1. For segment 31-45, which positions are at pLDDT 75 or above and not acidic (Asp, Glu)?
2. Can you tell me which residues in segment 33-59 are in a helix (DSSP H, G or I) and either out of contact with any helix residue (DSSP H, G or I) (no Cβ under 9 Å at 6 or more places or on another chain) or of a type in the set (Phe, Trp, Tyr) (or both)?
3. State which residue pairs qualify: first residue at positive phi and inside segment 35-59, second residue assigned to a helix (DSSP H, G or I) and among the acidic types (Asp, Glu) in any location, beta carbons under 7 Å apart, and separation of 6 or more residues or different chains.
Amino acid sequence: MLLELLTFPVSGPLGGIIWIAEQLLELKNAELDDTENLQKQLLVLQLAFDLGEISEEEFEVQEEELLLKIQALEAEESG
């Protein structure tokens, strides 16, 4: 307890920095998961089209939506 009080001026801000870094890492992992999920959805969509389960028009509409979402996530990451 005494050691914690004596080292608090150093460990306090360090603990805050570590917490912020953990939050940023968690956010980045969530973004990667989002991108991976969108890419998986795109593959499933392509498979459905190849198997004739959806029309070409429906495929193109859904593909464009997914590609725009992927593009938006990539823009957020770089900007």
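1. The first filter runs over segment 31-45 and keeps only residues at pLDDT 75 or above, leaving 34-45.
Answer for segment 31-45, where residues must be at pLDDT 75 or above and not acidic (Asp, Glu): Thr35, Asn37, Leu38, Gln39, Lys40, Gln41, Leu42, Leu43, Val44, Leu45.
2. Applying the first criterion (in a helix (DSSP H, G or I)) to segment 33-59 yields 33-50, 56-59.
Residues satisfying the conditions are Asp33, Glu36, Asn37, Lys40, Leu43, Val44, Leu47, Phe49, Asp50, Glu57, Phe59.
3. none
Results for (1) exposed (fewer than 10 other Cβ atoms within 10 Å of the Cβ); (2) at pLDDT below 90; (3) of a type outside the set (Asp, Glu), shown as yes or no for each residue.
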{"residue": "Met1", "(1), (2), (3)": "yes, yes, yes"}
{"residue": "Gly16", "(1), (2), (3)": "no, yes, yes"}
{"residue": "Asn29", "(1), (2), (3)": "no, yes, yes"}
{"residue": "Leu47", "(1), (2), (3)": "no, no, yes"}
{"residue": "Asp50", "(1), (2), (3)": "no, no, no"}
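The values are calculated or read from the model by the stated rules, or taken from the named source; none is laboratory data. What you see is a predicted model, and the numbers here were worked out from it, not measured in a lab. All Cβ positions, even for glycine, are placed from backbone atoms using ideal geometry, and neighbour counts span all protein chains on display.
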